[in-house]
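All remarks here apply to the structure that follows.
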Amino acid sequence: MEIQATWRAMLIYDNGGNMKCLNCGNSSFDRPVDKSSLEIWHCKECGNECAVHCNYIPDLSGMQISDLFIGTASIGSGPDALKSLMKLKRVLAFAERFEPAQLEAQYRAGKHEWDLGYFLGFEVEQASVMCQGAGISVRFEIVRTPPYAPSAGQVQ
């Protein structure tokens, strides 16, 4: 099996590592405008079609990166704690990293200071306003800022 794979690779690639046409040996192809994982390339010399599996590295340079925060809520005891749990689950449902099961575990443990988890910078203002409107005191502390260097104590 390995001998066949090596032989096939010798047919497909020229000495420079460029793919070549199996029909005429030319290494110049017309490629589709839209990139995908499976493309049909056309030989510029003979017009032969080659199906090519492609692995493109996405360009993330235009992607907006946000600060990362951790949220904490101060909760009363007794029936107020259950009300707070229900309110927090409702008002924080929009947050990408919010995990309601974490709050439930903290409620069952009888904690009065709840870890709300991680929030992206653009979520913090909305979470603060919504929690304040629900009568729950919350605070957010910044954990990391772009370009997401390792946190304190982590080795690079």
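The values are calculated or read from the model by the stated rules, or taken from the named source; none is laboratory data. Bear in mind that the values here come from a model prediction, so they are computed numbers and not experimental data. Here the Cβ positions follow ideal geometry from the backbone for every residue, glycine too, while neighbour counts run over all protein chains shown. The accessibility values were calculated without ligands, DNA or RNA, using every heavy atom of the protein model including side chains. Shrake-Rupley method; radii C 1.70, N 1.55, O 1.52, S 1.80 Å.
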Next item on the list: Can you tell me the FRET efficiency between Ser28 and Ala51 if r is taken as the Cβ-Cβ distance and R0 is 25 Å, rounded to the nearest 0.05?
Entry: 0.90
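Keeping all protein chains in place and using 1.4 angstrom, which order do Lys35, Lys87 fall into by accessible surface area, from largest down?
Final ranking, largest accessible area leading: Lys35, Lys87.
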Note to self: I need the calculated FRET efficiency for the pair Lys35 and Arg97, taking r as the beta carbon distance and R₀ as 25 Å, to the nearest 0.05.
What the structure shows: 0.25
Note to self: In whole percent, and with a 1.4 Å probe on the protein chains, what portion of the accessible area of region 79-147 is carbon and sulfur?
What the structure shows: 53 percent
Notebook entry, point to check: Mind listing the phi-derived Karplus ³J(HN,Hα) values for region 32-39, rounded to whole Hz, using 6.51, -1.76 and 1.60 with θ = phi - 60°, and x for any glycine or proline?
Noted result: x, 5, 7, 7, 8, 7, 10, 10
Next item on the list: Please work out the FRET efficiency for the pair Asp59 and Ala109, using the Cβ-Cβ distance as r and a Förster radius of 35 Å; give the result to the nearest 0.05.
Entry: 0.20
